[in-house]
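As structure tokens, the structure follows; a few thoughts come after it.
The values are calculated or read from the model by the stated rules, or taken from the named source; none is laboratory data. As the structure is a prediction and not an experimental result, all values here were calculated from the model. Every residue, glycine as well, gets a Cβ built from its backbone with ideal geometry; the counts of neighbours run over all protein chains shown.
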Amino acid sequence: MQTNMNNSLRFRNFKAAAVLLGTLTAISLSACATGPTASLPTNRSAQITHNCKPQESVRFSCELHDHRLLSMCASQGLATYKGLPKDNPGYAYLVVGTPVGVVQYSYPPNPYDYKQHFYKGVSAHVVPYLFVTSEKGEFFFFSEQDVSDPLGAGNWTPENLPEGWSINQKDKKRACARVLEFDNYFAAGVTHDSAWKDKERERSEAEKAKAKQP
């Protein structure tokens, strides 16, 4: 009788252990399938299309060839100001940042000084354009036809980039790989001085020609 009771007790203990082992195995397999929560894929919806502040208007924004974003941000009402461009009380600036909103560079340092650095005009082919200058000269150029250009948009002049800026050209002629946002920044109230670009080019070419003389 004692032997039968011992055998029955051993069987119940074995059965309980088997059930527990099966439960632990199922939990382990489920954890392996889903992986740790820390390694879940990044939510791509967190990526953005510009690096402007929520209260600002986005005049244009593009993805650079290294996947960072270049945006032209402006105060609300900059483009709808009815007075002369030189009297516009708003501000504008260029900003470079990551696709998750980390700002790296901004120009000009004081956005209210944009009138000294932003110029717009119309080319001989009646194509509106805009360019931005640093203390060294023009460093970014963008024309309206660039908006739909499949080869990319805008152009850098690397030697004239603002102090501290680092742009990886990767031997590409265009600044942007693709345009993400465009809101006709040619009407953004920037200083209209189409002759400046031609004068600056003539000065630059004259200096280069002089440097080549023996």
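Hey, among 69, 151, which residue is modelled with pLDDT under 90 and in the same structural domain as residue 56 (by TED's automatic domain parsing)? Break it down into steps so the answer makes sense when it comes.
Values: 69 fails: modelled with pLDDT under 90.
None of the others qualify; the one that does is 151.
Test residue 177 against the criterion of being modelled with pLDDT under 85 and either more than 26 Å from residue 88 (Cα to Cα) or assigned to a helix (DSSP H, G or I) (or both), and give yes or no. Show your work before the answer.
On the way: modelled with pLDDT under 85: no; either more than 26 Å from residue 88 (Cα to Cα) or assigned to a helix (DSSP H, G or I) (or both): yes.
Criteria not met by residue 177.
For residues in the stretch 84-104 being part of a strand (DSSP E or B) and in contact (Cβ under 8 Å) with a residue 24 or more places away in the chain, which is farthest from residue 167 (Cα to Cα)?
Looking only at the stretch 84-104, we keep the residues that are part of a strand (DSSP E or B), and these are 92-97, 103-104.
Subsequent filtering for residues that are in contact (Cβ under 8 Å) with a residue 24 or more places away in the chain retains 92, 94-97, 103-104.
Details: 92: 21, 94: 14, 95: 12, 96: 10, 97: 11, 103: 14, 104: 11 Å.
Per the stated criteria, the residue is 92.
Just to be sure I understand the filter: pairs with C-beta atoms under 6 Å, separated by 6 or more residues or on different chains, first member in the stretch 133-158 and closer than 14 Å to residue 65 by Cα, second member aromatic (Phe, Trp, Tyr). Which pairs pass?
154/142; 155/141
Say whether the condition of being more than 30 Å from residue 163 (Cα to Cα), modelled with pLDDT under 90 and out of contact with any Asp or Glu (no Cβ under 8 Å at 6 or more places or on another chain) is met by at least one residue in the stretch 72-80. If you could, list the steps in order and put the result at the bottom.
Within the stretch 72-80, the subset more than 30 Å from residue 163 (Cα to Cα) is 80.
From the residues that got through so far, the ones that are modelled with pLDDT under 90 too are 80.
Adding the requirement that they be out of contact with any Asp or Glu (no Cβ under 8 Å at 6 or more places or on another chain) leaves 80.
Yes, the stretch 72-80 contains at least one residue that is more than 30 Å from residue 163 (Cα to Cα), modelled with pLDDT under 90 and out of contact with any Asp or Glu (no Cβ under 8 Å at 6 or more places or on another chain).
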